[in-house]
Amino acid sequence: MSTAFDPRVREVAEPRTVRLFDMVDDLAPRLDMGAGPLGRRVFFGATGGRFEGPRLRGEVLPSGGDWALFRSDGSMALDVRLTLRTHDGELLHMTYNGRLITPPGARADVADLARRHLVDPARYYFRTNPLFETGSTRYAWLNDIVCVATGYLVEGGVAYRVSQLL
C-alpha cells in the first residue's frame, strides 16, 4: 500500500476475529408498517431462541426485535435490539445494525416464507455489527468489544455466527 497521499497513514494489522457464539432468533409474523419516505418499515418481533459459544451461552428472550427497512433497491437495513439471558441468569442487551442484500435472482426465493430457509446463504449477503451492554460484572468484558456477524435464514427466524473483532 502506498502512503504517498498522506504521510500520517501507516501499515496496521488487518482485523482478526474469534467466534463468540452462534445464535438462533425465532421471529413472530411480520408487522408491515407500510411504505414511508425511506422505504417499507417492517417489524420482526423476537419470540425466543438460543445462543451458545466458547465463553457464554443462554437464551434469547421474547422481547425486542428488528425494525427493518426494505429500501427501494431491494435491500434490507436492519435495526435490532434483543435481550439475552445467559445460562447463569445474567442479562445482556444486544444491538446491531446491518444489511441483508438479496440479488434480483434470489429475491423471489427469499420472499417465499415457506421456503426461504432453504435458500443457500451464499446467494445473499447478510452481515451485522453486534454490540453489547450489561451491568453484570461477570460479563462486563462484553461492554468493551465490537463484533461482526454473518446471518442466514432458518425455519421460523434467523441465525447468526457472531465473532469478536480482536
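The values are calculated or read from the model by the stated rules, or taken from the named source; none is laboratory data. The shown structure was predicted, so the numbers you read here are calculated from the model rather than taken from an experiment. Because the Cβ atoms are built from the backbone with ideal geometry, glycine has one as well, and the counts that use them run over all protein chains shown.
Which one is surrounded by the fewest Cβ atoms within 10 Å (Cβ to Cβ) among residues in the stretch 146-156 that are touching a residue at least 40 places away in the same chain (Cβ under 8 Å) and on the phi < 0 side of the Ramachandran plot?
154
Of all residues assigned to the stretch 139-155, at least one qualifies as being of a type in the set (A, V, I, L, M, F, W, C), under 19 Å from residue 18 (Cα atoms) and in a loop (DSSP other than H, G, I, E, B). Against the conditions (1) under 17 Å from residue 66 (Cβ atoms); (2) surrounded by fewer than 15 Cβ atoms within 10 Å (Cβ to Cβ), residue 108 satisfies every one except (1).
Looking at the stretch 70-89, which of its residues are within 12 Å of the chain's Cα centre (by Cα) and among the charged types (D, E, K, R)? Selection gives 79, 81.
Among the candidates 41, 16, 10, single out the residue that is loosely packed, with under 12 Cβ neighbours inside 10 Å, of a type in the set (Lys, Arg), out of contact with any Ser or Thr (no Cβ under 6 Å at 6 or more places or on another chain) and at pLDDT 95 or above.
Values: 41 fails: loosely packed, with under 12 Cβ neighbours inside 10 Å; 10 fails: at pLDDT 95 or above.
Exactly one of 41, 16, 10 is loosely packed, with under 12 Cβ neighbours inside 10 Å, of a type in the set (Lys, Arg), out of contact with any Ser or Thr (no Cβ under 6 Å at 6 or more places or on another chain) and at pLDDT 95 or above, namely 16.
Under the condition of being part of a helix (DSSP H, G or I), in contact (Cβ under 8 Å) with a residue 12 or more places away in the chain and either within 19 Å of residue 24 (Cβ to Cβ) or of a type in the set (Val, Ile, Thr) (or both), the residues counted in the stretch 79-138 number 4.
Mind checking whether some residue in the stretch 83-99 is in contact with an Asp or Glu (Cβ under 7 Å, 6 or more places away or on another chain) and surrounded by fewer than 16 Cβ atoms within 10 Å (Cβ to Cβ)? Among the residues of the stretch 83-99, at least one is in contact with an Asp or Glu (Cβ under 7 Å, 6 or more places away or on another chain) and surrounded by fewer than 16 Cβ atoms within 10 Å (Cβ to Cβ), which makes the answer yes. Summed over the stretch 40-92, the residues that are basic (Lys, Arg) and within 25 Å of residue 105 (Cα to Cα) give a count of 3.
Contact map, the stretch 57-75: residues that are over 14 Å from residue 94 (Cβ atoms) paired with residues that are of a type in the set (S, T, N, Q) and not in a strand (DSSP E or B), Cβ distance under 7 Å, separation 6+ or inter-chain. Pairs shown: 74/102.
Scanning the stretch 26-46 for residues that are touching a residue at least 24 places away in the same chain (Cβ under 8 Å) and either under 15 Å from residue 82 (Cα atoms) or assigned to a strand (DSSP E or B) (or both) turns up 26, 27, 28, 40, 41, 42, 43, 44, 46.
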